[in-house]
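The values are calculated or read from the model by the stated rules, or taken from the named source; none is laboratory data. Computed from a predicted structure; not experimentally measured. Counting neighbours? That spans all protein chains shown, and the Cβs are built from the backbone with ideal geometry, glycine included. The area values use the complete protein model at the heavy-atom level, side chains included, leaving out ligands, DNA and RNA. Shrake-Rupley method; radii C 1.70, N 1.55, O 1.52, S 1.80 Å.
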Amino acid sequence: MKAKDEENGSVKGRVRGQGARTVYDTLRTAILDLSLDPGSPLDEATLSERFDMSRTPIREALVRLVAEGLVKTLPNRNTVVATIDFEQLPVYFEALTLMYRVTTRSAAVHRRDEHMHDIRQHAASYAETVRQHDAPGMIQTNRDFHMAIATAGGNSYFTALFGRLLDEGRRILRLYYRSFDDNLPRRYVDEHEQMILAIESRDAERADTLAAEHAAQIVKQIQSYIARATVTGISLGTERI
């Protein structure tokens, strides 16, 4: 019985694999919203005590996070939260901007009425998190909004790639909201509404232009914040800055 409980995470009755999933979800959320700073140590013994589990599910969760690039194993075998590679940001921003444009444009061409319902629901959820200054909520609902647009576009390859980029960029987006002290100006919420209207009216050119402008202001704001942080010495957890 002890061996069985140990395998499942040391809590009697826990469904197999549930322990690892709990650790993975908790750590992933903390890493992505920067509650766990880049470079923070992730010691198996400490995490085992924190989650009241054996090391097996802890190790499984860390392996998944390493595979996603959110956690890094150092040469001394210590595990830490991965830093943000500043030098790769221009390449990331280029890909992200392209996907903003192509998915929004495609949605304007292919959307159906049920798509518009989903898009508007996610836009309303985003607006509410902005009103509450809820940065983690803003990050999630922003992702949901743009993924709903991508889904309306009907290209599963674009949707999958955009989802991956949005997930990889959640820590970058956290810096974006931090640059506003989590008090995002209303005009940036209104940008979502303008995109919705363009998609609804099937104006592909307008949708493309609005998406490009939306991406450009995000990139500019993040770059400006990083530049200020460089001058003032604010730690961003980047490898090179």
Original post:
Is one or more of the residues making up region 121-137 out of contact with any Leu (no Cβ under 8 Å at 6 or more places or on another chain), more than 25 Å from Q221 (Cβ to Cβ), buried (at least 19 other Cβ atoms within 10 Å of the Cβ) and not acidic (D, E)?
Top reply: no
Subject >> Of all residues making up region 59-85, the number that are in a helix (DSSP H, G or I) and under 22 Å from the mean Cα position of the chain (by Cα) >> reply: 8
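Does F158 fit the bill of being touching a residue at least 12 places away in the same chain (Cβ under 8 Å), buried (at least 17 other Cβ atoms within 10 Å of the Cβ) and within 16 Å of the chain's Cα centre (by Cα)?
No: the conditions fail for F158.
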**OP:** Being open to solvent by less than 50 Å² (accessible area, probe 1.4 Å) and at pLDDT 90 or above is the filter here, so list the residues in region 71-90 that pass it.
**Re:** V71, T79, V80, V81, A82, L89
Original post:
Would a scan of region 182-189 turn up a residue that is open to solvent by 50 Å² or more (accessible area, probe 1.4 Å) and at positive phi?
Top reply: no
Subject >> Criterion: modelled with pLDDT under 95, in a helix (DSSP H, G or I), farther than 17 Å from Q88 by Cα and not small (G, A, S) - qualifying residue of R164, R178 >> reply: R178
